[in-house]
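Read the structure below first, then the notes.
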């Protein structure tokens, strides 16, 4: 049984550069581009203890998982004989508001590798131009938007106490780096008395798109 995580956040973002490369240079059908230089992040999860109802055992997904943006090279997809490799479409987008402000939406897309965990997270930096650099921004309310943050909606998890540091904000060149950390409780357990132990995640990311 695979653990699924989907969270909606609205706030900010660390990563490291690596060369864009052809993941599958020998195939005649299609090449995949692994673009760590565009989007890269390390996801660290601690304190998990989930029940697998299919096999009757407890299991953990604790550890650090490294991801890079990976997608099909559309210049090599002719012929229709496409081999299947896992992809990761992590990216960001800029949203322009009527009041003249800009919001940065960061999309940590899940890999489609059936052997990997499913972690799908979106969060954004509201009013990007005025958002502080190298300063921890803490949020401790779960639910509706509060100040510059909107988080707490989750298909499978409730999120608690997210803390975000935006370390790089290069709007002109589209470069954003930072760290986000938060705690989770499985939605099925959130109303238990006493509530279960929260598990934590930290994302170090780099975007250059």
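The values are calculated or read from the model by the stated rules, or taken from the named source; none is laboratory data. Computed from a prediction, not measured in an experiment: that's the story for all the values here. Every residue, glycine among them, receives a Cβ derived from its backbone with ideal geometry; neighbour counts consider all protein chains shown.
Taking segment 25-49 as the range and being surrounded by fewer than 16 Cβ atoms within 10 Å (Cβ to Cβ) and either more than 20 Å from residue 117 (Cβ to Cβ) or modelled with pLDDT under 75 (or both) as the test, the residues that pass are 25, 26, 27, 28, 29. Being closer than 24 Å to residue 172 by Cβ and modelled with pLDDT of 90 or more is the requirement here; does residue 99 meet it? Criteria met by residue 99.
Can you name the residue in segment 95-107 that is surrounded by 13 or more Cβ atoms within 10 Å (Cβ to Cβ) and in a strand (DSSP E or B) and is also farthest from the chain's Cα centre (by Cα) among such residues?
Kept after step one, since they are surrounded by 13 or more Cβ atoms within 10 Å (Cβ to Cβ), are these residues of segment 95-107: 101-107.
From what's left, in a strand (DSSP E or B): 102-107.
Numbers: 102: 20, 103: 17, 104: 14, 105: 11, 106: 7, 107: 6 Å.
So, considering only residues that are surrounded by 13 or more Cβ atoms within 10 Å (Cβ to Cβ) and in a strand (DSSP E or B), the one farthest from the chain's Cα centre (by Cα) is 102.
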